[in-house]
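S.K.: Input: one structure, supplied below.
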Amino acid sequence: MCTTCGCGPDHQQHGHDHDHHHQHGHQHGPQHQHDHGQHNLGQAPRMKITVEEDILAKNNRLAAANRALFREKQIFSLNLVSSPGSGKTSLLERTLRDLGGRLRCAVIEGDQQTDNDARRIAATGVPVRQVNTGAGCHLDAHMVMHASENFDLDDLDLLLIENVGNLVCPAAFDLGEDHKVVVLSVTEGEDKPLKYPQMFHNSTVMLLNKIDLLPHLDFDEEKCCEFARRVSPGITIFQVSARSGEGMPAWYQWLAENIS
Ligand SMILES: Nc1nc2c(ncn2[C@@H]2O[C@H](COP(=O)(O)OP(=O)(O)O)[C@@H](O)[C@H]2O)c(=O)[nH]1
Ligand SMILES: [Mg+2]
């Protein structure tokens, strides 16, 4: 069971090597800090914290191994995070169709069930691997490690990872990516950066998608960007439409500047 979010048995399937020598001195994410604040409530929360630290500490070790491998192979890697339906797959499809010829790309698709998104990506001609998390609400570093074994890493410039749609749990799990890219669509409301600050704080880029719909909404773009910068002062924001292509060249420029 993932004790970070209580989201199911999937971590046990991947082998939870409970190492009691590593129960202290872990890197503590914001989730831990929150739970540590509940120490004085009794025994049960303390036990939960220990298991949770083990899960995240193990994930961090595997993420560090992924990061080292991707760096060695000179692969730029991005972890796309968002609510379900904000347009992650649509943005990937458009990006791959527009840049595919110029960059060697591969995609890891994360969803609880189905290979729908992997099929959409495969139609662009780019190598793709679907990971189904079952009850799990996020990808972890172990899943990414195994999924990436399906690609020729010597023949890759850009690895794009689409996380499970969820603005909460994926924020806590480092996959070894260079950057998290949070996708927010204008139909979700401008207050989401304030409601889910961890995700926006941990992201380098925000893609504000579906701007083609703005004429039909009362979404306040300026406020949304101000909220995003309030929780993540250095965040780079691109306002885009995966449908019309508006704003996409600036995103491509950012990619080009960051890929070695
Ligand atoms: N109008 C509009 N619809 C979009 C845009 N991007 C995605 N969509 C639609 O939003 C829905 C969810 O998109 P999808 O890419 O599957 O989102 P994901 O769940 O984040 O991967 C689909 O019906 C898309 O056609 C956009 O820029 N504008
Ligand atoms: Mg998708």
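The values are calculated or read from the model by the stated rules, or taken from the named source; none is laboratory data. Every value quoted in this text rests on a predicted model; they were computed, and no experiment measured them. Positions of Cβ are backbone-derived with ideal geometry, glycine not excepted, and every protein chain shown enters the neighbour counts. Calculation scope for accessible area: heavy atoms of the full protein, side chains included, ligands and nucleic acids excluded. Shrake-Rupley method; radii C 1.70, N 1.55, O 1.52, S 1.80 Å.
S.K.: Computing the accessible area with a 1.4 Å probe over protein heavy atoms, can you report the carbon and sulfur percentage for segment 75-258?
M.R.: The computed percentage sits at 46.
S.K.: Normalising by the residue count of segment 75-258, find the relative contact order in percent from Cα pairs under 8 Å and 6+ residues apart.
M.R.: 25 percent
S.K.: Let me ask you something else. Amide H of T236: which non-local residues (sequence gap of 5 or more, or other chain) have their own amide H closer than 5 Å, using H built in the peptide plane?
M.R.: V205, M206
S.K.: Under a straight-distance cross-link criterion of Cα-Cα below 17 Å, which lysines are reachable from K88, leaving out those fewer than 8 residues away in the same chain?
M.R.: Cα-Cα hits under 17 Å: K180, K192, K210.
S.K.: Provide the net charge surrounding R243, with neighbours chosen by a C-beta distance below 12 Å and charges set as Lys +1, Arg +1, Asp -1, Glu -1.
M.R.: -1
S.K.: Right, another one. Tell me the net charge near A64. Cut-off is 14 Å between Cβ atoms, A64 excluded, with +1 for each Lys or Arg and -1 for each Asp or Glu.
M.R.: Once positives and negatives cancel, what remains is -1.
S.K.: For A122, what charge total do you get from the other residues with a beta carbon under 15 Å from its beta carbon, if Lys and Arg give +1 and Asp and Glu give -1?
M.R.: Once positives and negatives cancel, what remains is -2.
S.K.: Accessible area per residue, 1.4 Å probe, Å², for segment 75-258: what's the number?
M.R.: With the other protein chains kept in place, segment 75-258 gives 40 Å² per residue.
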